[in-house]
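Every read-out reported here was derived from the displayed coordinates using simple, explicitly stated rules and does not represent laboratory data. Predicted model only: the values in this text are computed from it and were never measured. Don't worry about glycine lacking a Cβ; one is built from the backbone with ideal geometry, like all the others, and counts go over all protein chains shown.
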Amino acid sequence: MSTPVGPYTPIVRAGAWRICSGQLGLAPAADGGAPALVDGGPGPQLTQAVANAATLLAGEGASLADVVKTTVFATDPADFPVVNEAYVAAFGDHRPARSMVAVSALPMGAAVEVEVWALVQGD
C-alpha cells in the first residue's frame, strides 16, 4: 500500500536514510476499489502496516533488517500487549529502537500507525 491518505510522501530517501511516513493497516480492496483497513483490530492492522512499510523500503533498496527506529501510535493503551505481539512477529529477532505512543485518534479510524526509519549502510 503506497498511496498516501494525505498530502505527504510515503517514503523519502535522505542520503543513507529511508524514512517511511506513518503507515496504516490498509490493504488493497479485492474488487480494485479503495484500500481499506484490515479486519481484526490492532494486531492485524500493525502486521499490515509493517508489511506496507516493508514494501516501501524495498522500493528504495532497503528492508526491515535496515530499520533502526520505529514509532508506533495506538489509540488504546490497553492494546499495547497485542501490538507488541504483532510487532515481534513482524520484526523477528531484529529489535529497532522504538517509541510507542497513545493517541486519541488516527486517520481512517485506524487503531495503530507505524513510522519507520531505516539506515542503508554503504549508500
message: Regarding the stretch 24-36, can at least one residue be identified that is more than 20 Å from residue 9 (Cα to Cα) and surrounded by 17 or more Cβ atoms within 10 Å (Cβ to Cβ)?
response: no
In the set 115, 85, the lone residue that is within 22 Å of residue 6 (Cβ to Cβ), under 15 Å from the mean Cα position of the chain (by Cα) and among the acidic types (Asp, Glu) is 115
Scanning the stretch 109-122 residue by residue, those farther than 12 Å from residue 76 by Cβ and surrounded by 14 or more Cβ atoms within 10 Å (Cβ to Cβ) turn out to be 113, 114, 115, 116, 117, 118, 119, 120
Residues in the stretch 24-44 that are farther than 12 Å from residue 109 by Cα and in contact (Cβ under 8 Å) with a residue 40 or more places away in the chain total 2
